[in-house]
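Chemist: To start, I am sharing the structure in question, which I have written as structure tokens.
The values are calculated or read from the model by the stated rules, or taken from the named source; none is laboratory data. Only a predicted model underlies this, so the values are computations on that prediction, with no experimental measurement involved. Every residue, glycine among them, receives a Cβ derived from its backbone with ideal geometry; neighbour counts consider all protein chains shown.
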Amino acid sequence: MKTKQIYTFGEYLRNKFGEKVYKVGINISGFTCPNIDGTVAKGGCTFCENDSFSASLDQVKELKGFYLNLESKENPYLEKQLLQLQMQFDALSARLRREYGATKFLVYFQSFTNTYAPFATLKALYDKALSFDDVVGLSIGTRSDSITQETLDYLSELAKVKEIWIEFGIQSVYDKTLERINRGHDAKNVKEWIIKSKEAGLNVCGHLIFGLPGEDKEMMLATAKEAYSWGIDSVKYHSLYVVKRTALANEYARGEFTPINEEDYLDVLVKALQMKPENVSVQRMTAGIDDESLISPDWCRDKNRQIRHINAALKKVGLKY
């Protein structure tokens, strides 16, 4: 059987820019989430570690009221945020240049909800990131209920000259699942904004979680199939794991949630990849964490081991990652 290479995001970028483009992950203090600050829900998604959010927010806790006023034109902390952006990019890009010979970068606004702020603040941060040497574009992680038409229109203009990606957490297309994990929006909302983003000329990456509470393998695959049909350009697959200080950890302790086992995850992942349109690139195959905060499942602890097992499962069906 001839082995077929899975189309990766790295391959997409190499084809477009003629060399490897490195993502530089940025964490801007002051960004929060409407599912945490009480706008749509409280406490965040059940799998989110609230202490980590609180620690970040405490650094600029006075910003909470400011960010709830999304029409505000003034941001007294913008200069600090712009400096933070500059310092993080300089440090990370320098390391990538030194260790890997990197010459092109994609600034990745990674932590929290990176379109959930007044437009003037977003524009300043996006413009600053695009002004850095050798930056070819942006990738912006967000929620579908936290982006305005004004922001989308601006990103659409940027996309005419730069590589602009927006990453939406889809997670599941089942509203009962989204409600159970305290997501704060329904699947219709995600579909609407993915389609709007595509119509605006943006590249869209969708995040899918396999192993959510109450879902069987058929539901997980139905989510993947539906997400593909919305026209996403890239995908990140995540396995759900339980960490301390989360609502999910409490469910697990009460015996109300059993994490997906590795065999079932591999089965769903391989089938999701087999049904994936060829033009949809893959950015991530799984997720995990190797520290004392992980409660279960233990197989999510070692990412290298996961990748080995994923490649072994893919090989059986003629695929390679």
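Chemist: Looking only at the range 179-226, which residues are in contact (Cβ under 8 Å) with a residue 40 or more places away in the chain, part of a helix (DSSP H, G or I) and hydrophobic (A, V, I, L, M, F, W, C)?
Modeler: 190, 193, 194, 219, 220, 221, 222, 224
Chemist: Any residue at all in the range 226-243 that is surrounded by fewer than 16 Cβ atoms within 10 Å (Cβ to Cβ) and farther than 20 Å from residue 6 by Cα?
Modeler: no
Chemist: Consider only pairs whose beta carbons are under 9 Å apart and that are at least six residues apart or on different chains; among these, list those whose first residue lies in the range 278-297 and is of a type in the set (Asp, Glu) and whose second residue is buried (at least 16 other Cβ atoms within 10 Å of the Cβ) and not in a strand (DSSP E or B).
Modeler: Pairs found: 278/7; 290/300.
Chemist: Could you please find all residues in the range 138-178 being under 18 Å from residue 227 (Cβ atoms), touching a residue at least 40 places away in the same chain (Cβ under 8 Å) and of a type in the set (Gly, Ala, Ser)?
Modeler: Selection gives 139, 144, 172.
Chemist: Kindly state which helices (runs of 4 or more DSSP H) lie completely within the range 1-110 and contain at least 3 residues that are within 29 Å of residue 311 (Cα to Cα) and at pLDDT 85 or above.
Modeler: Ranges flagged: 9-17, 78-100.
Chemist: Another question, then. What is the residue count in the range 133-175 for residues that are closer than 21 Å to residue 47 by Cβ and in contact with a Gly (Cβ under 7 Å, 6 or more places away or on another chain)?
Modeler: Total satisfying the criteria: 5.
Chemist: For the range 272-292, what are the residues that are buried (at least 16 other Cβ atoms within 10 Å of the Cβ) and over 14 Å from residue 4 (Cβ atoms)? Write out each step before concluding.
Modeler: Restricting attention to the range 272-292, the residues satisfying the condition of being buried (at least 16 other Cβ atoms within 10 Å of the Cβ) are 272-273, 276, 280-283, 285-288.
Across the range 272-292, the qualifying residues are 272, 280, 281, 283, 285, 286, 287, 288.
Chemist: Residues 303, 315, 217: which one is out of contact with any strand residue (DSSP E or B) (no Cβ under 6 Å at 6 or more places or on another chain), of a type in the set (Lys, Arg), surrounded by 13 or more Cβ atoms within 10 Å (Cβ to Cβ) and under 28 Å from residue 188 (Cβ atoms)?
Modeler: Details: 303 fails: under 28 Å from residue 188 (Cβ atoms); 315 fails: under 28 Å from residue 188 (Cβ atoms).
Selected residue: 217, the only one of 303, 315, 217 that is out of contact with any strand residue (DSSP E or B) (no Cβ under 6 Å at 6 or more places or on another chain), of a type in the set (Lys, Arg), surrounded by 13 or more Cβ atoms within 10 Å (Cβ to Cβ) and under 28 Å from residue 188 (Cβ atoms).
Chemist: Hey, can you tell me all the residues within the range 14-40 that are more than 20 Å from residue 105 (Cβ to Cβ), among the aliphatic types (A, V, I, L, M) and touching a Phe, Trp or Tyr at 6+ places or on another chain (Cβ under 9 Å)?
Modeler: Selection gives 36 alone.
Chemist: Looking at the range 243-290, which of the residues that are part of a helix (DSSP H, G or I) and of a type in the set (Ser, Thr, Tyr) is farthest from the chain's Cα centre (by Cα)?
Modeler: Taking the candidates together, the pick is 252.
Chemist: Considering 127, 145, 90, which residue is surrounded by fewer than 22 Cβ atoms within 10 Å (Cβ to Cβ) and under 30 Å from residue 256 (Cβ atoms)?
Modeler: Sole residue among the options that is surrounded by fewer than 22 Cβ atoms within 10 Å (Cβ to Cβ) and under 30 Å from residue 256 (Cβ atoms): 145.
Chemist: Just give me the residues in the range 152-178 being closer than 22 Å to residue 36 by Cβ, under 18 Å from the mean Cα position of the chain (by Cα) and not in a loop (DSSP other than H, G, I, E, B), in sequence order.
Modeler: If the condition is that a residue be closer than 22 Å to residue 36 by Cβ, under 18 Å from the mean Cα position of the chain (by Cα) and not in a loop (DSSP other than H, G, I, E, B), then 166, 167, 168, 169, 170, 171, 178 are the ones that fit.
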